[in-house]
Amino acid sequence: MTNCSQPSNNSDMKKALFIDRDGTIIREPADEQIDAFEKLSFLPGTFRALSTIRELTDYEFVMVSNQDGLGTDSFPEDTFWPVHNFILDTLKGEGVEFDDILIDRHFPHDNAPTRKPGTGMLTAYMDGSYDLANCYVIGDRATDVQLAENLGCKALQIGTDDMDWAKITEILVAGERSAEVTRTTRETDIYVKLELDRPGYCDISTGLGFFDHMLAQLAHHGGMGVTIRVRGDLHVDEHHTIEDTGLALGECLRKAIGNKLGISRYGYCLPMDDCLCQAALDFGGRPWLQWEAEYKRELIGDMPTEMFYHFFKSLSDAALMNLSIKAEGENEHHKIEGTFKALARAIRVAVQRDVRHLVLPSSKGTL
């Protein structure tokens, strides 16, 4: 399990950000050539993000860019460099300077080792003096992600899964928050993985279709990556599977949040057709469940309605979370789905961080 409370084991090694230019720092035009000032515009949030990252971290900044055919008749030098230098001068005026600038000039069909995703331009960073496992490639294309894999470092791809410069700043300044939990008993075998800052995937299988559908709301509306795999004694009944999943998920959420520095802490009221659902929470370290929801049906799908309380109680206990649930309405499916969505949104709000104010949200000094 890793989270922002754990320092790197290689703190004495250097770290770098390998940053693409076109499509990452500046917008990329339709013809993919920034060869005139009228084509130039910066991505929203670029200046603020890069200056904040430069100020608050010790990453080196390395620009790594493919510029197809630079220096040929189709892309002459005298149209490229004035624009490029203006980009660098503008960033410098905002306190952002690059430690190294690497530009590949080959066409895609050349298959040159210096062309991304090849690592030929980056051999100086592969000599053992850099903690590549904790370095990042920041770009907008699949080739940037592949470059990261080839280097053995991490990737942040702009334009995917809500990844923008604000999210990148949060990850680089405050750290990524993720956790894995395995819980095995004679009744259940459960694996849970959460990535609070990496939305975009949802892999859930509990053996109960309606439960899977509800848990998926936590991923989609909570803005986090979720993997949950459960093998339970469903031949007995659903109780152990649902309750133990709540315990494992709560433990994983508690671990992923980590040291809680800078989080909002509190979190949501959500309407869904005829229903109004409320999930108010506090990651203050004191578990409690306040429950105001009743169901007229014995089952929704293949899930007993009496187990909803047990799930949320297990979740709040293991996450050390104060949770208040209230659901009103006529349609039972809408009522419980709205509750899961409200919980997801509450978590999303509560775990948001202020990277310039990384302190505990508590007057006591502990949570």
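From the list PHE61, PHE47, pick out the single residue that is within 30 Å of ASP127 (Cα to Cα), surrounded by 15 or more Cβ atoms within 10 Å (Cβ to Cβ) and at pLDDT 95 or above.
When all the criteria are applied, what remains is PHE61.
Output yes when any residue across region 302-325 is farther than 16 Å from LEU249 by Cα, β-branched (Val, Ile, Thr) and not in a loop (DSSP other than H, G, I, E, B), and no when none is.
The answer is yes; a qualifying residue exists.
Are any residues in region 181-214 over 15 Å from the mean Cα position of the chain (by Cα), surrounded by fewer than 21 Cβ atoms within 10 Å (Cβ to Cβ) and within 12 Å of VAL226 (Cα to Cα), and if so, which ones?
TYR191, ASP203, ILE204, SER205, ASP212
Could you count how many residues in region 287-311 are touching a Ser or Thr at 6+ places or on another chain (Cβ under 8 Å) and within 17 Å of PHE210 (Cα to Cα)?
So the count comes out to 6.
Would you confirm whether any residue within region 108-128 is in the same structural domain as THR72 (by TED's automatic domain parsing), touching a Pro at 6+ places or on another chain (Cβ under 9 Å), loosely packed, with under 14 Cβ neighbours inside 10 Å and not basic (Lys, Arg)?
So far as region 108-128 goes, yes, one or more of its residues are in the same structural domain as THR72 (by TED's automatic domain parsing), touching a Pro at 6+ places or on another chain (Cβ under 9 Å), loosely packed, with under 14 Cβ neighbours inside 10 Å and not basic (Lys, Arg).
What tally of residues in region 335-367 results from selecting those that are under 10 Å from SER264 (Cα atoms) and not aliphatic (A, V, I, L, M)?
5
Tell me the residue from LEU88, LEU147 that is at pLDDT 95 or above, of a type outside the set (Phe, Trp, Tyr) and touching a Gly at 6+ places or on another chain (Cβ under 8 Å), please.
LEU147
Does CYS277 fit the bill of being closer than 24 Å to ARG353 by Cβ and not hydroxyl-bearing (Ser, Thr, Tyr)?
no
List every residue pair whose Cβ atoms lie under 8 Å apart, where the two residues are 6 or more positions apart in sequence or sit on different chains, the first residue falls within region 102-115 and is farther than 17 Å from GLN146 by Cα, and the second residue, located anywhere, is of a type in the set (Val, Ile, Thr).
Hits for this filter: LEU102/VAL62; LEU102/VAL64; HIS106/THR114.
Yes/no matrix, rows are residues, columns are (1) within 22 Å of the chain's Cα centre (by Cα); (2) hydrophobic (A, V, I, L, M, F, W, C); (3) surrounded by fewer than 18 Cβ atoms within 10 Å (Cβ to Cβ):
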residue: ARG297; (1), (2), (3): no, no, yes
residue: GLU306; (1), (2), (3): no, no, yes
residue: PHE312; (1), (2), (3): no, yes, no
residue: LEU315; (1), (2), (3): yes, yes, no
residue: GLU337; (1), (2), (3): no, no, no
residue: ARG348; (1), (2), (3): yes, no, no
residue: ASP354; (1), (2), (3): yes, no, yes
residue: SER362; (1), (2), (3): no, no, yes
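Only one of (1) assigned to a loop (DSSP other than H, G, I, E, B); (2) outside the structural domain of ARG54 (by TED's automatic domain parsing); (3) modelled with pLDDT under 95 fails for MET163. Which number is that?
(2)
For region 319-335, give me the residue count where each residue is more than 17 Å from GLY209 (Cα to Cα) and either surrounded by fewer than 21 Cβ atoms within 10 Å (Cβ to Cβ) or among the hydroxyl-bearing types (Ser, Thr, Tyr) (or both).
Of the residues in that region, 8 qualify.
Do any residues in region 340-353 that are in a helix (DSSP H, G or I) have Cβ atoms under 7 Å from those of residues that are surrounded by fewer than 21 Cβ atoms within 10 Å (Cβ to Cβ) and of a type in the set (Lys, Arg), where the two are at least six apart or on different chains, and which pairs are they?
Cβ pairs passing all conditions: ALA350/ARG265.
Within region 222-242, is there a residue that is part of a loop (DSSP other than H, G, I, E, B), of a type in the set (A, V, I, L, M) and over 18 Å from GLU187 (Cα atoms)?
yes
Any residue that is over 25 Å from the mean Cα position of the chain (by Cα) and within 19 Å of ASP22 (Cβ to Cβ) - is there at least one of those in region 50-64?
no
The values are calculated or read from the model by the stated rules, or taken from the named source; none is laboratory data. Not measured: the values here are computed from a predicted model. Heads up, the Cβs are rebuilt from the backbone with ideal geometry, glycines too, and the neighbour counts pull from every protein chain shown.
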